[in-house]
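Okay, structure first, notes after.
The values are calculated or read from the model by the stated rules, or taken from the named source; none is laboratory data. Model, not experiment: these values are computed from the prediction. A quick note on method: Cβ atoms are made from the backbone with ideal geometry, for glycine too, and the neighbour counts reach across all protein chains shown. When the accessible area is computed, the model is the full protein with side chains, heavy atoms only, and any ligands, DNA or RNA have been set aside. Shrake-Rupley method; radii C 1.70, N 1.55, O 1.52, S 1.80 Å.
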Amino acid sequence: MAAVGPLARMARLGSSICRNHRLISNRKSQRRGIASCIDPSYGLTDEQKEFQKVAFDFAANEMAPHMAEWDQKEIFPVETMRKAAQLGFGGIYVQPDVGGSGLSRLDTSVIFEALSTGCVSTTAYISIHNMCAWMIDTFGNNEQREKFCPDLCLMEKFASYCLTEPGSGSDAASLLTTAQRKGDLYILNGSKAFISGGGDTDIYVVMCRTGGKGPKGISCLVVEKGTPGLSFGKKEKKVGWNSQPTRAVIFEDCAVPVINRLGEEGQGFGIAMKGLNGGRINIASCSLGAAHACVQLARDHLLVRKQFGETLSNNQFRLAEMATKLVASRLLVREAATALQDGRPDAVSLCSMAKLFVTDECFNICNQALQMHGGYGYLKDYAVQQFVRDIRVHQILEGTNEVMRMIISRNLLTEL
């Protein structure tokens, strides 16, 4: 049995960890200069504040100093992510018996928001990796969980989620990658597009067609790097998310053992969608971290930048609007995370609402922060431009925001 994750052990320390938390929290807020009205620690339990502090400190010390270099040189920071895994961030909501931290969806959101203040691109990949590990933990049998999850939680191995295809993006149920069963093997043929980590990662959670048309013909297979017939396309050149590679994943008579199937045949689409419900909260949380960082960057710039004989901070109502939208976004994400954790009937719609609202509004916050920097905001010496570039894609992936509107409206118009 794997060891209990570091964050789970921290939670069990309970009040002994947090006896003097109020003083610690006050010093922390003053040190980072967080205005009380946007302080992300408000409303959290003492244990959640501790997780958050660990994540903020890791972001500030291990990620932020390298964020620009990772972006410009397109470095996949494997060793930094393994350091994060030592803190329990490799399997945050994976069960402790296979090495996970066993935390809640809300805990996870708090952690990803904090980590994203240091590097959105790297945190977003960590969130995808966590989603894959959770899918194996949740839908795999004991042998599969014990085989794959411990290495994933330690980030000794990295995972990629393979759903999107060149011809099926938003219409995921129309995917064409096939898996024909021949004895104890599935023979995969087809390709996946825009795969985060593709080519550099070790484990591929693949949605493929084992049956007829539509969602009921889709199954989920775990494909390991090095499997004959598995190959990768060229590394894509992207606007943002440059600290994680993106490639096509190609299957040409790729033989995968039947024992690598998660769940039963025909359950793959449901597995994929359940993974994405949490993924939407995760990616919204990454947008929150970027927006939080950009509000602080804009505030600091406005306090020192002078034009027309006075600082730009005078009469800054736009900054107030940005702060209000940030806090509203955070509240929605945390409500959606709680709903998903509790299995509430409104969970799917709330996850879609959170993804839609938060990724849109947080992009607007970051973009406005860039505008407030003037010409300086357009220079790569200033972090605000990288936050803008990195979170733009959040409105597209994990289901486009147009699809989020479809999910929400369908619930409104069909539920009696």
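Taking a quarter of the surface of the Cα convex hull of the range 300-377, what do you get in nm²?
5.7 nm²
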Which shape class applies to the range 228-349: rounded if a/c is under 1.5, otherwise prolate when a/b exceeds b/c and oblate if not, where a ≥ b ≥ c are the square roots of the Cα gyration tensor eigenvalues? oblate
Among the aspartates and glutamates, select those whose C-alpha is under 19 Å from the C-alpha of K73, and discard any that sit fewer than 8 residues away in the same chain. E62, D200, E236, D381, D390
Roughly how much of M273 is accessible, in Å² to the nearest 10, using a 1.4 Å probe? 50 Å²
Points 7 angstrom from Cα along the Cβ direction at E310 and K83: gap in nanometres? 4.4 nm
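Assuming R0 = 25 Å, what is the FRET efficiency of K225 and I75, from their Cβ-Cβ distance, to the nearest 0.05? Write out the running numbers ahead of the final one.
Values: r = 20 Å, r/R0 = 0.79.
Computed FRET efficiency for K225 and I75: 0.80.
What's the local net charge at K192, with K and R +1, D and E -1, over the other residues with C-beta under 11 Å away?
Around K192, the surrounding residues sum to 0.
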Would you compute the Debye intensity of the range 198-271 from its alpha-carbon atoms alone, equal scatterers and no solvent, and pass along log10 I(q)/I(0) at q = 0.12, 0.15, 0.26 Å⁻¹ to two decimals? -0.39, -0.58, -1.14
Hey, what angle do you get for helix 120-139 against the long axis of the chain, alpha-carbon based, 0 to 90 degrees rounded to 10? 40 degrees
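What's the local net charge at D71, with K and R +1, D and E -1, over the other residues with C-beta under 9 Å away? Numbers along the way, then the final one.
Working: positive: K73, K380, R389; negative: E69, E74, D390.
Local net charge: 0.
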Would you be so kind as to identify which of P257, F317, L340 lies farthest towards the positive end of the dipole of the chain, taking Lys and Arg as +1 and Asp and Glu as -1 on Cβ and the Cα centre as origin? F317
Calculate, for the chain, the solvent-accessible area per residue in square angstrom, rolling a 1.4 angstrom probe over the heavy atoms of the protein chains. 43 Å²
Rounded to a whole number, what % of the accessible area of the chain do carbon and sulfur atoms account for, probe 1.4 Å? 54 percent
Expressed as an acute angle from 0 to 90° and rounded to the nearest 10, what is the orientation of the C-alpha long axis of helix 317-342 relative to the principal long axis of the chain? 40 degrees
Just to be sure I follow the definition: excluding the sites themselves, where is the longest run in the chain that has none of the chymotrypsin sites (Phe, Trp or Tyr not before Pro) in a DSSP loop with at most 14 other Cβ atoms within 10 Å? 43-307
Among N282, N142, N242, which one shows the biggest mean-square fluctuation in a GNM of the chain, springs joining Cα atoms closer than 10 Å? N142
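Please sort by residue number the GluC sites (Glu not before Pro) in the range 383-416 whose DSSP state is loop and whose Cβ has at most 12 other Cβ atoms within 10 Å. Walk me through the intermediate numbers first.
Details: sites: E398, E402, E415; in loops: E398, E415.
Those satisfying the criteria are E415.
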Cα-based shape type of the range 167-216, given that a ≥ b ≥ c are square roots of the gyration tensor eigenvalues and the cut on a/c is 1.5: oblate
Return the lysines within reach of K325: Cα separation strictly under 30 angstrom, same-chain partners fewer than 8 residues apart disregarded; answer none if there are no such residues. K28, K49, K53, K238, K274, K306, K355, K380
Net length gained if the chain between I259 and D381 were fully extended (0.36 nm per residue, minus Cα distance): 38.9 nm
So if I place +1 on the C-beta of Lys and Arg and -1 on the C-beta of Asp and Glu, and nothing else carries charge, what would the dipole magnitude of the chain be about its Cα centre? I want it in debye, nearest 20. 620 debye
